[in-house]
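The values are calculated or read from the model by the stated rules, or taken from the named source; none is laboratory data. None of these values were measured; they are calculated from a predicted model. Cβ atoms come from the backbone with ideal geometry, glycine included; neighbour counts cover every protein chain shown.
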Ligand code: HEC
Ligand code: HEC
């Protein structure tokens, strides 16, 4: 075991080929611990020696030199990267490229194609005006670009519409985890009075009467019957197909070392070590899938939202929300369950201060996660972290809306009317009205 106090605390273990566990009991003293049985690691004594030698060699010019050395430590397979750091007791997997989703019986190409129609179709709502795509728009990072969504009757919801990218990788969906996977979730927004406000039986009847839909159900499921279960399966299949394409970070991790700048590599290292992000945003999806209180419960105040507690009733869950993925994060704002942040830098400042505004809680307020603490990052380090987060995915590409069954005629007749009116108007301005 070696105790070190570095700016980048992992110099001495750069040649290890095993994944290691590292912990920091209290900031900023880093304690790097080897996992038992990782035979190829150098012994602790040797590590301490190397640390000492490194310190002596680098001396006071360490700050200026390190980012370049650091880049060398990361331009190698992820198994050889410096150890990541999490608090004692935290189980974490390293960040890395997403593995393909395993096949699942209910997801077929046919159901996915039907699901796309349903996803874009406002006739699935009580008002006939709101589709899933109204709040999960590919051009807005598969969210709606608003702090909180506007649902049925433009009523403001209380939560921010989450991106749908990579939702299939989560066991528990929604900010409070109340849905167990996409199949369980699919009908909930349709029924919700704050979202699409519809009755499933009505929607089934409506789709049965639209020319083209029974045929689309037949193509997907082998018979033209429309049912709530089939609607759910089709929508879930489409949502399951929304996986973000490999980011610059993923390409870097697969050996394309030119994909990340040195600044971004510095950010990657901070993310995995001193910034403590890996305590919650870990693994290929950049989320532990768990629930944490990061200080945004507004306990006892106007916008109170106790998150996970509303589902479990467990007092420990007060103010906890699901750790969101950070993939494509620069393109899925506003951020947080309540859309509090429209300024990305503000989020990083907040974490850096240990979420200071929660330091004066109301009596009885739920405690902040013990994994949150002031980080002491300087401005350059915050910039590096921000740069790294920018390498986690691009703005999602445009998706052509599908031609919806029974809508072509409606669109044509709608077009016909204004064009007749326009002709009349043109005729009037030309002064040759008959
Ligand atoms: C009125 C806006 C609105 C509409 C319409 C809407 N959603 Fe959402 N969606 C939201 C909001 C807000 C959340 C977060 C809700 C929460 O956590 O309580 C969300 C969350 C989700 C999630 C969870 C993602 C995750 O990572 O956990 C999925 C999946 C989803 N919606 C799919 C759909 C589908 C499918 C439809 C259409 C059937 C739909 N939504 C319609 C606003 C909307
Ligand atoms: C204690 C666990 C925890 C730690 C540590 C943590 N986060 Fe978070 N993060 C969360 C949770 C939970 C949320 C959602 C909170 C909410 O909406 O109320 C979140 C939200 C975010 C968001 C907004 C995501 C979105 O889609 O709205 C960003 C960006 C973010 N975290 C980045 C970071 C960075 C960078 C670090 C390291 C400096 C970090 N987080 C450390 C748990 C954590």
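Data table
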| read-out | value |
| --- | --- |
| Filter result (part of a loop (DSSP other than H, G, I, E, B) and closer than 29 Å to residue 157 by Cβ) within region 99-132 | 101, 106, 107, 121, 125, 126, 127, 128, 129, 130, 131 |
| Where a residue in region 338-358 is more than 8 Å from ligand 2 (Cβ to nearest atom) and its partner, wherever it lies, is in a helix (DSSP H, G or I), with Cβ under 7 Å and at least six apart | 345/386 |
| Candidates 158, 146 - the one that is in contact with a helix residue (DSSP H, G or I) (Cβ under 9 Å, 6 or more places away or on another chain), in contact (Cβ under 8 Å) with a residue 60 or more places away in the chain, within 16 Å of ligand 2 (Cβ to nearest atom) and closer than 20 Å to residue 339 by Cβ | 146 |
| Any hit, region 185-195, residues being surrounded by 21 or more Cβ atoms within 10 Å (Cβ to Cβ) and either without any contact (Cβ under 8 Å) to a residue 12 or more places away in the chain or within 16 Å of ligand 2 (Cβ to nearest atom) (or both) | no |
| Residue check, residue 177 modelled with pLDDT under 95 and touching a helix residue (DSSP H, G or I) at 6+ places or on another chain (Cβ under 9 Å) | no |
| Residue list for region 149-166, filter: near ligand 1 (Cβ under 6 Å from one of its atoms) and under 20 Å from residue 399 (Cβ atoms) | 149, 161, 162, 164 |
| Index of the failed condition, residue 310 passing every other in (1) in contact with a strand residue (DSSP E or B) (Cβ under 7 Å, 6 or more places away or on another chain); (2) closer than 17 Å to residue 178 by Cβ | (1) |
| Residue satisfying all of: in region 302-331; assigned to a loop (DSSP other than H, G, I, E, B) and under 15 Å from residue 289 (Cβ atoms); nearest to the chain's Cα centre (by Cα) among these | 325 |
| Conditions (1) within 10 Å of ligand 1 (Cβ to nearest atom); (2) closer than 30 Å to residue 298 by Cα; (3) not in a helix (DSSP H, G or I); number of the one not met by residue 189 | (3) |
| Criterion: touching a residue at least 40 places away in the same chain (Cβ under 8 Å) and more than 9 Å from ligand 1 (Cβ to nearest atom) - qualifying residue of 174, 120 | 120 |
| Residue in region 149-166 that is farthest from the chain's Cα centre (by Cα), counting only those that are surrounded by fewer than 21 Cβ atoms within 10 Å (Cβ to Cβ), at pLDDT below 95 and in a loop (DSSP other than H, G, I, E, B) | 155 |
| Filter result for the condition that a residue is free of Cβ contacts under 8 Å to residues at least 24 places away in the same chain and more than 9 Å from ligand 1 (Cβ to nearest atom), over 88, 109 | 109 |
| Selected residue (only one of 241, 245, 223 is surrounded by fewer than 19 Cβ atoms within 10 Å (Cβ to Cβ) and under 30 Å from residue 294 (Cα atoms)) | 245 |
| Only listed residue being surrounded by 21 or more Cβ atoms within 10 Å (Cβ to Cβ), under 23 Å from residue 393 (Cα atoms) and more than 14 Å from ligand 1 (Cβ to nearest atom), chosen from 272, 327, 251, 322 | 272 |
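Conditions tested, residue by residue: (1) within 9 Å of ligand 1 (Cβ to nearest atom); (2) assigned to a helix (DSSP H, G or I).
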residue	(1), (2)
134	yes, yes
147	no, no
168	yes, yes
196	yes, no
217	no, yes
